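Okay, structure first, notes after.
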Amino acid sequence: MKNTVATFQEMKAKGEKISMLTCYDYSTAKLMDEAGVNSLLIGDSLGNVVLGYEDTLSVTMEDMIHHTRPVARGAKNALVIADMPFMSYQASVYDAVMNAGRLLKEGRAHAVKLEGGAAVCEQIRAIVDAGIPVCAHLGLTPQSINAFGGHKVQGKSAEAAQTILEDAKRIEEAGAFAVVIECIPADLARKISETISIPTIGIGAGPGCDGQVLVYQDMLGLFSDFKPKFVKGFANLGEQMTQAFKDYDAEVKAGSFPAAEHCFKDVGEEVLDKLY
């Protein structure tokens, strides 16, 4: 079944959980889509897990478009959402609408995601008015990591919790169709999910959200630079891949690969004798 923004709303109304994973390439998109994952997020987390940056701030619009295109080609049923990178929407409403449009027109995404609450409601409203669905992002917003002073749980005080709840209400009013909530206490995330009518997608926000998202390299054990507390390992493919690479390296150097079964039929001495 094709997943749309309307599907998300219907799933929340029925109490059905929404699954989302990050994705950055065609082959992985096909596998996730065939597995039934509801939404694929081309996250600016590609800065960390694909491009090797220390944070997401260096990711560009060109990076995002480049990685969104193959995901959109591989996903036949999942809702494809592309992150708006740092400074692609903060400076002006015009920039926000134009860059969101590029992610749909050039990247073929179905929706965009941007970080922030009240401060970006004007951008959300303008993007939605342009016919582009917007997923918001509250709590620990990685593009603001320098302002937060690191990866820290948000909303722990009464004042901070109230701010996040108010931001959730405001982004809903601005027209966002869903909101990712990252690294906040589980009971606060549940309260937000019960308060607003749009779906909440949690990451490090407990089971009370309407759905969950993880960086797929984290949940498959492919990324070892940093593992957040909220990540569950569903496989340890990193070890299996490392061993496979070692085996390949050893066989190539030993001359045992390629073997006869990996080769095409010889042309024969008669042909070789005619070569000069």
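Computed quantities for the displayed model
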{"item": "Sites Ala91 and Cys263 - FRET efficiency at Förster radius 51 Å, r taken between beta-carbons, to 0.05", "result": "0.30"}
{"item": "Of Gly150, Ala189, Gly211, farthest towards positive along the dipole that unit charges on Lys, Arg, Asp, Glu beta carbons give the stretch 128-218", "result": "Gly150"}
{"item": "For the stretch 64-73, Karplus couplings with θ = phi - 60° (6.51, -1.76, 1.60), whole Hz, Gly/Pro x", "result": "5, 5, 4, 8, 6, 3, x, 5, 4, 6"}
{"item": "Placed amide H near Leu79: partners under 5 Å, 5+ positions off or other chain", "result": "Asn3, Ser39, Leu40"}
{"item": "Dipole in debye (nearest 20) - the stretch 112-193, about Cα centre, beta carbon charges: Lys, Arg +1; Asp, Glu -1", "result": "200"}
{"item": "Table column - 3J(HN,Hα) (Hz), the stretch 258-270, Karplus curve with 6.51, -1.76, 1.60, x for Gly and Pro", "result": "x, 8, 4, 5, 9, 10, 7, 4, 4, 6, x, 4, 4"}
{"item": "All-pairs Cα distance distribution in the stretch 44-150, expressed in whole percent, bin size 10 Å", "result": "15, 49, 32, 4"}
{"item": "Using alpha-carbon coordinates, inclination of helix 93-105 to the longest axis of the chain, degrees", "result": "40"}
{"item": "Peptides 164-171, 146-153 ordered by average Cβ neighbours within 10 Å, highest first", "result": "164-171, 146-153"}
{"item": "Protection proxy ranking of 30-42, 221-233 - average other beta-carbon atoms within 10 Å, highest first", "result": "30-42, 221-233"}
{"item": "Stokes-Einstein D for the stretch 211-251, Kirkwood Rh over Cα pairs, 10 °C, 1.306 mPa s (µm²/s)", "result": "142"}
{"item": "With Cα atoms, 0 to 90° folded angle of helix 237-254 axis to the chain main axis", "result": "20"}
{"item": "Radius of gyration and Dmax over the Cα atoms of the chain, both given in Å", "result": "22.3, 86"}
{"item": "Estimated 222 nm signal from helices in the chain, with DSSP H stretches of n ≥ 4 weighted -39500 (n - 2.57), rounded to 500", "result": "-12500 deg cm²/dmol"}
{"item": "Ratio of Rg to Rh over the stretch 162-261 (Cα coordinates, Kirkwood Rh, two decimals)", "result": "1.30"}
{"item": "P(r) tail fraction, the stretch 97-207 - alpha-carbon pairs more than 23 Å apart, %", "result": "26"}
{"item": "Separation of the Leu57 and Leu237 label points, Cα + 7 Å toward Cβ, nm", "result": "3.1"}
{"item": "Cα-based shape type of the stretch 150-204, given that a ≥ b ≥ c are square roots of the gyration tensor eigenvalues and the cut on a/c is 1.5", "result": "prolate"}
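We did not get these values from a lab; they are worked out from the coordinates using the rules stated. These numbers were taken from a predicted model, which means no experiment stands behind them. A quick note on method: Cβ atoms are made from the backbone with ideal geometry, for glycine too, and the neighbour counts reach across all protein chains shown.
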